[in-house]
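Q: Take this structure first; my questions come after.
The values are calculated or read from the model by the stated rules, or taken from the named source; none is laboratory data. Everything quoted here is computed from the prediction, not taken from an experiment. For neighbour counting, all protein chains shown are included, and Cβ atoms are generated from backbone atoms with ideal geometry for every residue, glycine included. For the accessible areas, the whole protein counts, side chains as well, though only heavy atoms, and no ligand, DNA or RNA atoms are used. Shrake-Rupley method; radii C 1.70, N 1.55, O 1.52, S 1.80 Å.
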Amino acid sequence: MSLLEGRHLAPVPTGPVARPSDAPETPGSLRRRGGLGRRPGPAVWVGLAVALVALVHVANLNGWPAYFDDEGTYVAQAWAVYQGDLAHYTYWYDHPPAGWLQLASFLGLPTLVGVEPSITVARYVMVLYTVVTALLVYRLGRNLGLRRGFSLGAMLLWGLSPLVVFEGRQVMLDNLTLPWVVGAMALVTSPRRNLWQYVGAGVCFGVAVLTKETAVLAAPALLVGLWAYAYRPTRAFGVVGALMASGLVIGLYPLYALLKLELFAGPDHVSVQDAVLFQLVDRGGSGNFWQVGSDAYTVLDSWLFYDELLPIGGVVAGLVCLAVPRLRCVGVLVTTMAVVALRPGGYMPVMYVIGVLPFAAVAIAGIADRATTAVASRGPRLRLAGRAGLVAALLAVVAWTGPTHADRIELALTDEGTEPYDSAVAWMDANLERDTRIAASDSYWSTLVNLGWSSDGWSGPIWAYKLDGDPIARRANLPDGWRSVDYLVLDRTILDSRLTLESKPQLSRAIRHSEPVAEWGERSTLVQIRRVVDGPAQTKLYDVWRRAQ
Amino acid sequence: MTALVVLVVVVAVALTTISAATLWWMMHAWGSPEAYESINAPRTDRPGLSFSLIMPCRDESERVMAETVRRLLAQDHPDFEVFISLGHDDEATIEAARRIAARDPRVHIAINHDEHKNKPRQLNSTLQECSGDVVGIIDAESLTAPGLLRHVDHTFRREGADVVQGAVHLMNLRSRWFSLRNCLEYRIWFRSRLHGHADNGFVPLGGNTVFIRRALLEEVGGWDGDCLAEDCEIGVRLSVLGKKTVCVYEPALVTQEETPDTVAAFVKQRTRWALGFMQVMAKGEWRKLPTRRQRVRALWLLSQQYTVAFAGLVLPLAVASAIIGGLPILAVLIAFAPLAPALMTIAFEIIVLHEFGRDLQVRIRALDYVWLVVSTPFYQLLLAAASLRAVGKYWSGNFSWEKTSHVGAHLEEVAA
């Protein structure tokens, strides 16, 4: 039972978060502590571990995984920020814009040396975010009283998880929230217990929510963490400071909409109200995890394909953490996200898991730390048994997940999933005039713009779903509708669901009235370029769709 | 248009800086556990020093003075004398003071014969009659806590202090609409900000419940007889000399006072302070402070009333002009930025008020919290009015002393 007892009643005297001299991660301290002829200090280990994580995430970064539609969306919208707008199509409050604003600020630097914003560059930004998150995972572990080795373990468990490599490389808003959410948790559990750290945590949380709304699920856990770790006499100030700071940051979003008179729904304009209703109500449910064949089941299956340890072990460890005072905040976070995921009939996007994984890693490492100390405190003989048990547990875990991990990491380092995409782009570059209109998924947009096509959204690459999704702008820019489109680039994103396709008359008509000119890959990796031709329909929608299944 | 955008952005950034810095200093004591605990809560031992307490009076009611003296005489310290300091032309008060002094041999009367009367001159002439090791100033309407002197005595010796600044709280929360904010202002100053200033090495002393070694006072030639903020002024000079000031805080030992009894009196008091601060700034002693940090902080403190008044007046203008002027949305959002520290300040003040009620055993009602928020802009207006008035007086060279009258509202508050 001693596992459940709070080991440290007083805060653990670890270094503060914000003081660089104490943060073992800085290069300066690396030199100081790990000087020649000395035993390598913790900074060296942390540095090596982070380097390893970065290496695994960078290697073959533009070869795998295949570009996901949303990656193109966010890169294009970050690009639009340079043009002084929040999106190059009408910004309809689909997500708050802080994510691509951050992305834009990082994509700006390489343009100075002539590197145009692209999904590849944005993927490097993701690695940067992953590295910062990894360091913060270590920091959080230390703040929660984990020993160095276990904190380092949490960092590696997360950073080297094939699931994290898979999701983390892709340009997704959820990845951009991670440093903010993990940072907020590290701040509220900081041993310095400074009021301004709580205010800072509130700001971090606010930015996270404005990056991706799902970050709001971290709120209860952050409050639990603050409450447990704060200095009691001034705790009320900490709570109010954090709430005010996050409220003020998040408030910018409705304020922006209000100033544009787009907070509430009305005729002839987009609004936050409509967008919220769409995200919360109109979006179809994904079914339940336990129903074979449901969307949710498929999503869960895709997670477990890459890693079973972190999602399953993390949820179990998270539940145990609820009973450990010092780890409860992490337990609350994991549990909250798990409960929301399990709610029947909710919409479950594949990237949902990203937000929970760092905390799952900390939960597993935290429970392992507690378990070993609990056993060791029972006397020397048990200590030996405890060590043996730890080794046995490690071996068991390696036996369980080792082969899958190795296989999936190899996939990440060697697979050429983006090849059909690259080939299609090369073909268009070589064969198509720059004034052709090409309807494709979002991921082609910035690449084609960099190759010289128009960036106005309508006379060069066109987001395929905008043909039906932005009727006002389409009528203004393409009076003839689908007939004005010259080429189609069909891939998994567009051909994913036949029902969805049929609900888009403009796009599906364009497909029916087109003929294939080139293609690469097969089934789910299929990329097909088709030319739109006047006259009678050339093909059945079903036939085109089936080739991609 | 561009000019307006630049103007709005510059003003917004300035306002945000002002409110954020003010918030930062206001929250000193609640910022970290270390700051919260380092309030030098005094302890006691066998007294070792003697005290001369000066009580400057002008047009005071006998009732108020008598109560203040009664409280002083109730001190459990064995060695102190009380001087009721008066002006020779204030005959009614002198009469009353004589009656009060007659009742106890420790109470004396000191009469100032200067042609122009003000507080520092009365203090200076009274100083010549003091014989204690330490001179303390107690305002005429101040209710001191019984153990105060013994604790101050101990603090002087334990800390090797040259100056000990005690805490003053206003207690009549509900007398006037502005009283609540006024009380809270004192609470924040003495519980938090003053300690932040002390850490920084620049302490603008208060004029009440402040204790200074007599030898030091004589060495620096006493108070500046022409300054309307003589307390702040001497604080600057002592800081420049590197003298050690210890600020003590303990809820049970705070001196209790009253807020001004009318809006006019409040504005007069604030005008006097503002004018005094301008005098101190113009005199330039603060420039001799050893470190840059201290000088910046001193400059900030002395000019704060203007920056805050400016912030209070301009904030709504900036936001309004940004919206009405049809500025780009980003400029409008930036114009809103100063609201962030301002709103956060109000949120923190609500908890400070709660803590104040708890520490001083005053019941704070739900309506008080509401009032605290509602009265904020109007209180800001009062402060701004006083600051502007001070500027007017400064230009016309009018430095006459506008005294705050004392009706004894805090006596009822304390009795209740």
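Q: Of the conditions (1) in contact with a Ser or Thr (Cβ under 6 Å, 6 or more places away or on another chain); (2) modelled with pLDDT of 90 or more, residue A:436 fails just one. Which one is it?
A: Tallying (1) in contact with a Ser or Thr (Cβ under 6 Å, 6 or more places away or on another chain); (2) modelled with pLDDT of 90 or more, residue A:436 fails exactly one: (1).
Q: So residue B:271 clears everything in (1) of a type in the set (S, T, N, Q); (2) farther than 21 Å from residue B:400 by Cα; (3) out of contact with any strand residue (DSSP E or B) (no Cβ under 8 Å at 6 or more places or on another chain) except one condition, right? Which one?
A: (2)
Q: For the range B:323-348, name all the residues that are open to solvent by 20 Å² or more (accessible area, probe 1.4 Å) and not hydrophobic (A, V, I, L, M, F, W, C).
A: Matches in the range B:323-348: B:325, B:326, B:328, B:345.
Q: What is the residue count in the range A:195-224 for residues that are farther than 20 Å from residue A:252 by Cα and crowded, with 24+ Cβ neighbours inside 10 Å?
A: Going through the range A:195-224 one residue at a time, the tally reaches 4.
Q: Here are the criteria: (1) open to solvent by 20 Å² or more (accessible area, probe 1.4 Å); (2) under 26 Å from residue A:166 (Cα atoms). Tell me which single one residue A:358 does not satisfy.
A: (1)
Q: Now a separate question. For the range A:368-403, give me each residue that is more than 19 Å from residue A:317 (Cβ to Cβ), open to solvent by 90 Å² or more (accessible area, probe 1.4 Å) and aliphatic (A, V, I, L, M).
A: Across the range A:368-403, the qualifying residue is only A:384.
Q: Considering each residue of the range B:24-34, count those that are within 10 Å of chain A (Cβ to nearest Cβ) and open to solvent by 10 Å² or more (accessible area, probe 1.4 Å), and give that number.
A: Number satisfying all stated conditions: 4.
Q: If you don't mind, there's one more thing I want to ask. Considering only the range A:404-449, state which residues are among the polar types (S, T, N, Q) and not in a helix (DSSP H, G or I).
A: Residues satisfying the conditions are A:418, A:436, A:441.
Q: A further question on this structure: Could you tell me how many of the residues in the range B:152-177 are over 19 Å from residue B:214 (Cβ atoms) and open to solvent by less than 40 Å² (accessible area, probe 1.4 Å)?
A: The qualifying residues number 7.
Q: Same structure again: Among the residues of the range B:263-282, which ones are touching a residue at least 24 places away in the same chain (Cβ under 8 Å), small (Gly, Ala, Ser) and either open to solvent by 20 Å² or more (accessible area, probe 1.4 Å) or at positive phi (or both)?
A: Hits for the range B:263-282: nothing passes.
Q: Another question, if that's okay. Of all residues in the range A:184-206, which are part of a helix (DSSP H, G or I), away from chain B (no Cβ under 14 Å) and touching a residue at least 60 places away in the same chain (Cβ under 8 Å)?
A: Across the range A:184-206, the qualifying residues are A:185, A:186, A:188.
Q: Could you tell me how many of the residues in the range A:429-458 are farther than 22 Å from residue A:508 by Cβ and either in contact (Cβ under 8 Å) with a residue 24 or more places away in the chain or surrounded by fewer than 18 Cβ atoms within 10 Å (Cβ to Cβ) (or both)?
A: Going through the range A:429-458 one residue at a time, the tally reaches 16.
Q: Consider only pairs whose beta carbons are under 8 Å apart and that are at least six residues apart or on different chains; among these, list those whose first residue lies in the range A:486-504 and is open to solvent by 10 Å² or more (accessible area, probe 1.4 Å) and whose second residue is basic (Lys, Arg).
A: A:486/A:437; A:486/A:531; A:487/A:437; A:487/A:530; A:487/A:531
Q: Among the residues of the range B:392-408, write down those that are part of a helix (DSSP H, G or I) and free of Cβ contacts under 8 Å to residues at least 60 places away in the same chain.
A: B:392, B:395, B:396
Q: So which residues in the range B:207-234 are over 21 Å from residue B:295 (Cβ atoms), in contact (Cβ under 8 Å) with a residue 12 or more places away in the chain and assigned to a loop (DSSP other than H, G, I, E, B)?
A: Listed by number, the residues that qualify are B:207, B:208, B:209, B:222, B:223, B:225, B:226, B:228.
Q: May I ask you to say which residue of A:210, A:178, A:157 is assigned to a helix (DSSP H, G or I), away from chain B (no Cβ under 14 Å), within 30 Å of residue A:443 (Cβ to Cβ) and at pLDDT 95 or above?
A: Among A:210, A:178, A:157, only A:178 is assigned to a helix (DSSP H, G or I), away from chain B (no Cβ under 14 Å), within 30 Å of residue A:443 (Cβ to Cβ) and at pLDDT 95 or above.
Q: For residue B:242, work out the one condition from (1) open to solvent by 20 Å² or more (accessible area, probe 1.4 Å); (2) farther than 21 Å from residue B:138 by Cα; (3) part of a helix (DSSP H, G or I); (4) at pLDDT 90 or above it doesn't fulfil.
A: (3)
Q: So, residue B:39, is that one surrounded by 16 or more Cβ atoms within 10 Å (Cβ to Cβ) and within 30 Å of residue A:237 (Cβ to Cβ) or not?
A: Yes.
Q: Can I ask one more? Looking at residue A:87 and the list (1) at pLDDT 85 or above; (2) open to solvent by less than 10 Å² (accessible area, probe 1.4 Å), which single condition is not satisfied?
A: (1)
Q: Applying the selection to the range B:11-23, what residues are touching a residue at least 40 places away in the same chain (Cβ under 8 Å) and either more than 18 Å from the chain's Cα centre (by Cα) or within 14 Å of another protein chain (Cβ to nearest Cβ) (or both)?
A: Those that are touching a residue at least 40 places away in the same chain (Cβ under 8 Å) and either more than 18 Å from the chain's Cα centre (by Cα) or within 14 Å of another protein chain (Cβ to nearest Cβ) (or both): B:11, B:12, B:13, B:15, B:16, B:18, B:19, B:20, B:21, B:23.
Q: Further, regarding this structure: Out of curiosity, is residue B:188 outside the structural domain of residue B:66 (by TED's automatic domain parsing) and either under 30 Å from residue B:26 (Cα atoms) or open to solvent by less than 10 Å² (accessible area, probe 1.4 Å) (or both)?
A: For residue B:188, the condition - outside the structural domain of residue B:66 (by TED's automatic domain parsing) and either under 30 Å from residue B:26 (Cα atoms) or open to solvent by less than 10 Å² (accessible area, probe 1.4 Å) (or both) - is met.
Q: Tell me which of these residue B:318 doesn't satisfy, since it passes every other one: (1) over 23 Å from residue B:194 (Cα atoms); (2) open to solvent by 50 Å² or more (accessible area, probe 1.4 Å); (3) not β-branched (Val, Ile, Thr).
A: Only one criterion is unmet by residue B:318, namely (2).
Q: Of the conditions (1) surrounded by fewer than 24 Cβ atoms within 10 Å (Cβ to Cβ); (2) away from chain B (no Cβ under 11 Å), residue A:232 fails just one. Which one is it?
A: (2)
Q: Among the candidates A:319, A:280, single out the residue that is at pLDDT below 90 and open to solvent by 60 Å² or more (accessible area, probe 1.4 Å).
A: A:280
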